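Just below is one structure, and these are the notes that go with it.
Bear in mind these aren't lab numbers, they're just calculated from the coordinates by the rules spelled out. None of the values given here were measured: they were computed from a predicted structure. In this analysis, Cβ positions are derived from the backbone assuming ideal geometry, glycine residues included, and neighbour counts consider all displayed protein chains.
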Amino acid sequence: MTSPVWHPFTQHGLGEPIPQVARTEGAALHTADGSRYVDAISSWWVTTHGHCHPRIMAAIAEEAGRMDQIIFAGWTHEPAETLAAELVRITPEPLRHVFYSDSGSTSVEVALKMALGFWDNRGEPRHRIVVMEHGYHGDTIGGMSVGARGVFNRPYQPLLFDVATIPFPEPGQSQAVLDALEAQCREKPAALLVEPLVLGAGGMKFYSASLLAEMRKICAAHDVLFIADEVMTGWGRTGTLLACERAGVVPDILCLSKGLTGGAIPLAVTMATAPIFEAHLSDDRARMFFHSSSYTANPIACAAANANLAIWREEPVLARIADLGDRQQDRLDRLATHALIRNPRRLGTIVAAEIGGGTSTYLNSVGTRLKAFAMERGVLLRPLGNTIYVMPPYCIEDADLDAIYGTIAEFLEREPRMGDLFAF
Ligand SMILES: *Cc1c(COP(=O)(O)O)cnc(C)c1O
């Protein structure tokens, strides 16, 4: 009997196997049939410290014994209060307000609504959002609107709202990007929305901290809000708690999700500065922030996030991340000697490279073949077209890193029809 489950980003018509996971631990997924897979992509970038982290799972169990969901409009609870206070403490001082939602996409939707609400409540309505080419901000209609257009969203394009797009800063193009941003900012857009330093789903594309800092300055000079989507880059992925930190950048609005609970359970926050909050402050109910989701600030999810933050406070997480970076660099350096590897790069725990000289599209078959090849060898990889990347949980051990990099190397050596793949 076929399963009624309809999976995300899965073409069921291909009949590809869908392994059933029964247990997770550290950097591993264990399937019902007893196989072990190394989770080289942190289960789509969510798992930070490791799967089933004992402190986070214990916090979830404990909170579940106390409270389930409660209405959050006009009500509050200790896990949400503690978490918000702690988030304000660990992020730059101007970010003082914490709005809860439940996914990266909703954190971006909330950010966009906050930005538009800010301008509207100031009596100067602005509706245009500036984004970066190749950006990704989620799969809701709003998220797709501010993200790259392509095969992912072609059927929905007539519904997506217009945005202004600045080019991605390819090497040597920094000034052109800054000029484009400057020109857009003169048109008085509501906000610039960017993924700081690394464009994730767009192909693990890196750009410099100095460029990010320049972009931030241009926005400030033109009174354009700066929204940082750190849904992927947050929680140490790039080597610091936030990617913005590497550039000394403080956004007006900050989106966090994925690693917020260590990757254990869904939760997101959109953090904002005082002026954004205060623009919605009034004795007029018509000016409140009109957004909620049923599960806003779920107490169990907040408890998981509080446990994550305790781990950050009490354990040497940044040192662990730095060490993982070094251990990956050695392996990347070896892999980079292979003739088919192009543009090898690493930032913090994120390693990426292109395979071969073919143009990258998401459906590019090299990545698909590598994914299947790795699966057979107990490694979960999910290349983006011909861009391969490794983004493991911070607890991964050397043997598992060797399995990941060894599998990629073996693929490059042994894939028999490799030559043909680049003929197109
Ligand atoms: C994953 C991601 C999102 C969307 O988050 P979901 O939890 O999948 O909705 C938004 N922005 C960035 C940068 C992401 O990587």
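What fraction of the DSSP beta bridges in the chain is antiparallel, stated in percent and rounded to the nearest 5? Walk me through the intermediate numbers first.
Details: 30 of 45 bridges.
The antiparallel fraction comes to roughly 65 percent.
Segment 58-108: Rg/Rh from Cα coordinates, Kirkwood Rh?
Values: Rg = 12.7 Å, Rh = 12.8 Å.
Ratio value, two decimals: 0.99.
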Can you list the residues, at least 5 places off or on another chain, whose amide H is less than 5 Å from the amide H of His97, using H built in the peptide plane? Ala272
Distance histogram in 10 Å bins (all Cα pairs of segment 1-160, percent per bin): 8, 21, 32, 28, 10, 1, 0
Rounded to the nearest 20 debye, dipole of segment 316-422 from Cβ charges on Lys, Arg, Asp, Glu: 340
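What is the gain in length, in nm to one decimal, between Ala286 and Gln157 on full extension, counting 0.36 nm per residue of separation less the C-alpha to C-alpha distance? Each step should come with its number before you reach the end.
Values: separation 129, 0.36 × 129 = 46.44 nm, distance 3.16 nm.
Full extension of this stretch gives 43.3 nm more.
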Among the aspartates and glutamates, select those whose C-alpha is under 15 Å from the C-alpha of Lys217, and discard any that sit fewer than 8 residues away in the same chain. Asp179, Glu182, Glu245, Asp252
Largest fluctuation, Ile71, Ile56, Ile350 only, Gaussian network model of the chain with Cα springs under 10 angstrom, belongs to Ile71
Using a ≥ b ≥ c from the Cα gyration tensor of segment 153-289 (square roots of the eigenvalues), is it rounded, prolate or oblate, where a/c under 1.5 gives rounded and otherwise the larger of a/b and b/c decides, a/b for prolate? rounded
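What is the fewest-to-most order of Lys188, Lys258, Lys113 by other Cβ atoms lying within 10 Å of their Cβ? Kindly include the intermediate steps, with their values, before the conclusion.
Values: Lys188 13, Lys258 28, Lys113 17.
Sorted ascending by nearby Cβ count, the order is Lys188, Lys113, Lys258.
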Which angle between 0 and 90 degrees, to the nearest 10, do you get for helix 398-414 versus the longest principal axis of the chain when only C-alpha atoms count? 60
Cα pair count fraction exceeding 22 Å, expressed as % - segment 61-155: 49
What is the distance in Å between the Cα centres of segment 280-332 and segment 97-116? 13
Convex hull per residue volume in Å³, alpha carbons only, for segment 316-422: 90
Using alpha carbon centers only, segment 3-62 is separated from segment 144-212 by a whole-angstrom value of 31
Can you give me the three principal axis dimensions of the chain from its C-alpha atoms, in Å, biggest first? 69, 55, 46
In a Gaussian network model of the chain with springs linking alpha carbons closer than 10 Å, the residue among Gly74, Gly248, Gly147 that fluctuates most is Gly74
Once phi for every residue in segment 277-291 is put through the Karplus expression 6.51 cos²θ - 1.76 cosθ + 1.60 (θ = phi - 60°), the whole-Hz ³J(HN,Hα) values, with Gly and Pro written as x, are 5, 5, 5, 9, 8, 5, 8, 9, 4, 5, 9, 5, 7, 8, 8
Less than 14 Å apart at the alpha-carbon level, and either on another chain or at least 8 residues along: which aspartates and glutamates does that give for Lys188? Asp120, Glu124, Asp223
GNM, the chain, Cα, under 10 Å: largest mean-square fluctuation among Ala228, Ala209, Ala339? Ala339
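Can you give the net charge of the other residues whose Cβ lies under 12 Å from the Cβ of Ala28, counting K and R as +1 and D and E as -1? Kindly include the intermediate steps, with their values, before the conclusion.
On the way: positive: Arg23, Arg36; negative: Glu25, Asp39, Glu397, Asp400.
Net of charged neighbours comes to -2.
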Expressed in angstrom, Rg and Dmax over the Cα atoms of segment 123-232 are 13.4, 40
